[in-house]
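Read through the structure below, which is laid out as structure tokens, and then see the notes.
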Amino acid sequence: MFGRVAKYIREKGIGGETIRYIIIGGLTTLINFCLFAFMTKIMNIDITVSNVVSISVSILFAYVTNKLIVFRQRGKTGVGLALEFAKFVGSRLFTMALEIGVVQLFVDVFKLDELIGKLVSLVLVVIANYIISKLFVFKG
């Protein structure tokens, strides 16, 4: 099975950066989802508060891992590092709003469980975050 997956990756030209992003993105998503589920289902914390906390924690994890592992960016210090971090956090605040909105839509309008809304929102957010990070934050 792994041989077929490796062959597919080689044939489709999926690069190491994409594979690294999928792995790190998966871990980031797992942190976000598990923390959200723990806060809403076990601690009975409001879904918006849980969303903000879980997303904030995952943003910090994502910045470090995307910078060092996915896009392999090093060497920036001082103002350059601060600007890069500000771009990253700014872009993630944009997708945080998307994520919170989608979860609220699923809960308030469609009357579905918040975990279903969270899963749907995370698919959209992972795609948007990759595009934004690649083209805006860690370009070059």
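The values are calculated or read from the model by the stated rules, or taken from the named source; none is laboratory data. Just so it is clear, the model here is predicted, and its values are computed rather than measured. Positions of Cβ are generated from backbone atoms using ideal geometry, with glycine treated the same way; all protein chains shown enter the neighbour counts.
Every residue in region 86-116 that is over 15 Å from the mean Cα position of the chain (by Cα), surrounded by 12 or more Cβ atoms within 10 Å (Cβ to Cβ) and aromatic (F, W, Y), please.
Result: F106, single match.
Is region 69-83 home to any residue that is in contact with a Gly (Cβ under 9 Å, 6 or more places away or on another chain) and closer than 21 Å to N32 by Cβ?
Yes, the conditions are met somewhere in region 69-83.
Looking only at residues in region 14-50 that are within 13 Å of I100 (Cα to Cα) and touching a residue at least 60 places away in the same chain (Cβ under 8 Å), which one is farthest from the chain's Cα centre (by Cα)?
Once the filter is applied, the top-ranked residue is I47.
Among the residues of region 99-119, is there at least one that is under 21 Å from I22 (Cβ atoms) and either touching an Asp or Glu at 6+ places or on another chain (Cβ under 7 Å) or of a type in the set (S, T, N, Q) (or both)?
No: region 99-119 contains no residue that is under 21 Å from I22 (Cβ atoms) and either touching an Asp or Glu at 6+ places or on another chain (Cβ under 7 Å) or of a type in the set (S, T, N, Q) (or both).
Note down all Cβ pairs under 7 Å where the first residue falls in region 124-135 and is touching a residue at least 12 places away in the same chain (Cβ under 8 Å), the second is of a type in the set (D, E) and buried (at least 17 other Cβ atoms within 10 Å of the Cβ), and they're at least six residues apart or on different chains.
Once the first residue is touching a residue at least 12 places away in the same chain (Cβ under 8 Å) and sits in region 124-135, its partners that are of a type in the set (D, E) and buried (at least 17 other Cβ atoms within 10 Å of the Cβ) give V125/E99.
Would a scan of region 41-54 turn up a residue that is acidic (D, E) and at pLDDT below 95?
Checking region 41-54: not a single residue is acidic (D, E) and at pLDDT below 95.
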